[in-house]
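> For reference, the structure I am asking about is given below.
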Amino acid sequence: MNAHETRASTRRQFLARAGRGAAGAAMAWSVLGLSPSAFAAHQKRLRVAAIITEYSYRSHAHVILENFLGPYLFNGKLISSGMDLVSMYVDQIPANDLSHAISTKYNIPIYRTIAEALCCGGECLAVDAVLSIGEFGNYPVNGKAQIEYPRKRFFDEIVAVFRKSRRVVPVFNDKHLSYRWDWAKEMCDTARQMAIPFMAGSSVPLAERTPSLELPPRARVEEAISIHGGGVESYDIHGLEVLQSMVEGRRGGETGVAKVQFLEGEALWQAAKDGRWSPELAAAALAAKPVPGLPSAQELMRPMAKAGDGRPFVAHGILVSYRDGTRGTMLSAGITGTRWYFSCRLVGEARPRATSFYVGPWQNRNLFKALSHAIQTHFRERRAPYAVERTLMTTGILDAAMDSRVKGGAVLETPQLLFAYKPRGFRSMREMGASWKIITESRPEPKGIEYGGE
């Protein structure tokens, strides 16, 4: 073995130890010349249960849990969760399942029921926090194009254990709360009544903003637009979370949404001609990070446009009328599922403010490092870094939009969304870009069950 092979072998051995705790991770990353930060070896290691629909390659279970199983980069620093994944419940086992490989490699039992996973086979709650990841898997799709993920069922079974054990622990719910507004509201009401530290939502608001954009505190937002390139409903929630995360801190705070409308094709373009949303603002968003070959906002919004790869698509949008008069629009413009844009116009300013959200290399996989960091902060501090009411609001907007869609694009009043909440500053939870100087676009993506920290 030559000197280069010896160094490479030594590096692999150090990295293999990194998943065994903070000390091993610190030693391993010293080989790479990095300075580990925020290790929690001096604190009690929290015991975490994962309740998931499916564990396959690049599923949400994979890209979240890999940041609990080993160290990960956040803002250029190596982070250890200070937590141990001690149990799993897996609702479905597809042909490409990875849960059993994870169970074997990390000695994590897979239990037959949610209650058993939370009690680690005993009679009472035996964990310090719960990850509820209801995304991916083979579930029914209803008439409103909503995949009926069992997030409410997961929550109810988790709460049943809390009630029996007379103890609650922090819970994270991945993405929106439910495909039904009444269930989402019930989840938040139950969490509040039982004093369950509850967190939910999208990973995208935590992405690096390029160019950097920070809206002034209590800014007077006249109109705001977020743009994504994914499909109806499943990607719309991310676009709505981007929109809501940016405007919730406006002057007067969040006071609720009065009306919602879903439009697509010619109807969406006609609404722009009628002055109900601004193509100029959409163009400013897309110009925040120009992409070679990307059509203009006007081209993207045509009834039958073409994406950057030449494929035709029908653009759609969700028009949001806030109680305080702020106009919000979420557009899906058939770009790609990894590009996200935002722009807004503040009162008294002629020039829009705009940014894009860069998710990092390996498509959306690395975006979940920042989300995992936020979840772990929630688990340690027993308080969500940002209000769960944000996701309650976006869940409600999305459900109303799907109702509008099946009703031919009708404008729907939303009295259920006329609630206020106080936003929290979450800048410390966002990736600012330092990690992408270490994990670059040219770096190969880990395969199988190897976690992204390697």
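> Mind ordering 352-361, 186-195 by average Cβ neighbours within 10 Å, highest first?
352-361, 186-195
> Check which residues have an amide H placed less than 5 Å from A126's amide H, if you skip close sequence neighbours.
For A126, whose amide H was placed from the backbone, the distant partners under 5 Å are C119, C120.
> How many lysine pairs in the range 49-193, separated by 8 or more positions in sequence or lying on different chains, have Cα atoms less than 29 Å apart?
Lysine pairs, 8 or more places apart or on different chains, close enough: 12.
> A follow-up question, please. Using only the Cα atoms of the range 93-222, construct the convex hull and provide its projected area averaged over every direction, in square nanometres to one decimal.
12.4
Taken together, the values in this text are just the output of simple stated rules run on the coordinates, not laboratory data. Being a predicted model, the structure only gives us computed values, none of them experimental. Note that each Cβ is placed from the backbone with ideal geometry, even for glycine, and that neighbours are counted across all protein chains shown.
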